[in-house]
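Visitor: Mind looking over this structure? Questions follow.
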Amino acid sequence: MVIAMVLKTKINKPTYVDLFSGSGGLSLGFERAGFRNVFSLDFEESFCKTYRRNFPKHVLVEKDISKLTKNEILKIVGKDDIDVIVGGPPCQGFSIAGNIGRMFLDDPRNQLFKEFARVVDIVRPNFFVMENVARLYTHNKGKTKNAIIANFNKMGYFVECKILNSADFGVPQVRKRVIFIGSKKNTKIFFPEKNVNKYATVKSFLEDLPMLKSGEKSEIPNHVAMNHSEQMLQKMSHIPDGGSRADIPGNMRPKTGDVRKYIKYASEMPSVCVTGDMRKIFHYSQNRALTVRELARLQSYPDNFVFEGSSISQQQQVGNSVPPLMAEAIAQTIKKMINS
């Protein structure tokens, strides 16, 4: 009797497909929320290597999504009823929209969004979750967001979108993203609510890791310090906890470049948004950039999640991720809608 109950629980896990899975931030969140993976897809070799290492039992399709045919998709899905498709298709063509009457969806650089929508239309999941940069919400006076929603409406999906901040879900980082949730049924769509009273800080997530100097390594996976030049070490040595390039003496202060660079993390605050290149944002007390492991912690990845590939690729994998804690909060909300 006990065995039968266990088997039934396992079989009845809600199912998901992860498109543009990257290293697996969304997958990890949905796994923690009790979902079962049917398949995931990505094209980048090193990203796929990381995904396979951390999700060895998942079906990972390493392929350009535009070359994934309808028959291939249906063969992989088989008889599974897919509860949710998740993913963050890159949307880069912000400049074209609004020019000469053209729309965001006309830009060929947004073909990957169209591919996400194509797979949704083929699989017909009960829900989908699409993540993207917050700027998309207000771009072109809201016309871009509305065009995306209208595209899914034509496919028979009811869609809502909202900007969520990862810090609201226990992630030690202010990371704002627009989340689209679509449902096949005309029911109220819910988004996760803030579940922390106080934001987690950079220090609270990093302080127990071994201290490292420039170029040093540790036994902890991915906790390897970048080897900085003497000139760079001199510059960062003048910046205090939470400081900026304004703290560097004028004769060596960078005069141009991104103002969000040459700063130190504020230890008692959540991190600035983690991106694929954090080499010029420095540890609050150690004279160096953060290691991949430290950046992964700021994204809420556990230490047993190991990143493969070159150090630059590892940073990109971390920076491109949906923080697993945020993904889990979204997944729990989808699960409640499925159950209701």
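Visitor: On a 0 to 90 degree scale, rounded to 10, what angle separates helix 143-154 from the longest Cα axis of the chain?
Guide: 30 degrees
Visitor: Also, I was wondering about something else. Using modelled amide H (1.01 Å from N, peptide plane; none on Pro or chain starts), what sits under 5 Å from the amide H of Ala134, excluding residues fewer than 5 places away?
Guide: For Ala134, the qualifying residues are Val178.
Visitor: Got a sec? How would Cys273, Cys161 order by Cβ neighbour count within 10 Å, fewest to most? Provide the component values of the computation, followed by the final result.
Guide: Numbers: Cys273 17, Cys161 20.
In order of increasing Cβ crowding within 10 Å: Cys273, Cys161.
Visitor: Then there's this: So if I place +1 on the C-beta of Lys and Arg and -1 on the C-beta of Asp and Glu, and nothing else carries charge, what would the dipole magnitude of the stretch 288-340 be about its Cα centre? I want it in debye, nearest 20.
Guide: Dipole of the stretch 288-340, to the nearest 20 debye: 140 debye.
Visitor: If you fit an axis through the alpha-carbon atoms of helix 111-123 and take the longest principal axis of the Cα set of the chain, what angle between them do you get, 0 to 90°, nearest 10?
Guide: 40 degrees
Visitor: Return the Cα extents of the stretch 196-304 along principal axes one, two and three, sorted largest first, each rounded to a whole Å.
Guide: Per principal axis, max minus min of the Cα coordinates gives 43, 34, 22 Å.
Visitor: If you don't mind, there's one more thing I want to ask. Excluding the sites themselves, what is the longest stretch of the chain that contains no trypsin sites (Lys or Arg not before Pro) in a DSSP loop with at most 16 other C-beta atoms within 10 Å?
Guide: Value returned for the longest uninterrupted segment is 103-183.
Visitor: With charges set only on the Cβ (+1 for Lys and Arg, -1 for Asp and Glu), what does the dipole of the stretch 220-297 come to about its Cα centre, in debye to the nearest 20?
Guide: 200 debye
Visitor: Per-residue ellipticity at 222 nm for the chain, helices alone: DSSP H runs ≥ 4 residues times -39500 (n - 2.57), over residue total, nearest 500 deg cm²/dmol?
Guide: Numbers: 12 runs with 110 residues, N = 340.
Using -39500 (n - 2.57) per qualifying helix, the result is -9000 deg cm²/dmol.
Visitor: Picking from Met269, Gln173, Thr144, whose Cα lies most toward the positive end of the charge dipole for the chain (charges on Cβ: Lys, Arg +1; Asp, Glu -1)?
Guide: Value: Thr144.
Visitor: Pairs of alpha-carbon atoms within less than 8 angstrom and 6+ residues apart define the contacts here; what relative contact order does the chain have, in percent? Before the final figure, lay out each step's value.
Guide: Values: 647 pairs, mean separation 63.2, N = 340.
After rounding, I find 19 percent.
Visitor: Under 17 Å Cα to Cα from Lys114, which aspartates and glutamates show up? Leave out anything in the same chain fewer than 8 places away.
Guide: Asp18, Asp42, Asp64, Asp106, Glu131
Visitor: Moving on to the next point. Using Cα centres only, tell me the gap between the stretch 250-275 and the stretch 170-220 in whole Å.
Guide: If we compute the Cα centre of each part, the gap is 20 Å.
Visitor: Separate question: For the chain, treating each Cα as an identical point scatterer without solvent, what Debye log10 I(q)/I(0) comes out at q = 0.07 1/Å?
Guide: The computed values of log10 I(q)/I(0) come out as -0.32.
Visitor: Right, next: Assigning unit charges at the beta carbon (Lys, Arg +1; Asp, Glu -1) and nothing else, what dipole magnitude in debye, to the nearest 20, does the chain show about its Cα centre?
Guide: On the way: 50 positive and 33 negative charges, 165 e Å.
In total the dipole reaches around 800 debye.
Visitor: Helix 45-54 against the longest principal axis of the chain: what's the angle in degrees, Cα atoms only, rounded to the nearest 10?
Guide: Its long axis makes an angle of about 80 degrees.
Visitor: I would also like to ask the following. What residue among Pro90, Gln234, Tyr51 has its Cα farthest toward the positive end of the dipole of the chain, where the charges are +1 on Lys, Arg and -1 on Asp, Glu, each on the Cβ?
Guide: Among Pro90, Gln234, Tyr51, the one farthest towards the positive end of the dipole of the chain is Pro90.
A short reminder: the numbers here are calculations on the coordinates, not readings from a lab. None of these values were measured; they are calculated from a predicted model. Neighbour counts run over all protein chains shown; Cβ positions are idealised from the backbone, glycine included.
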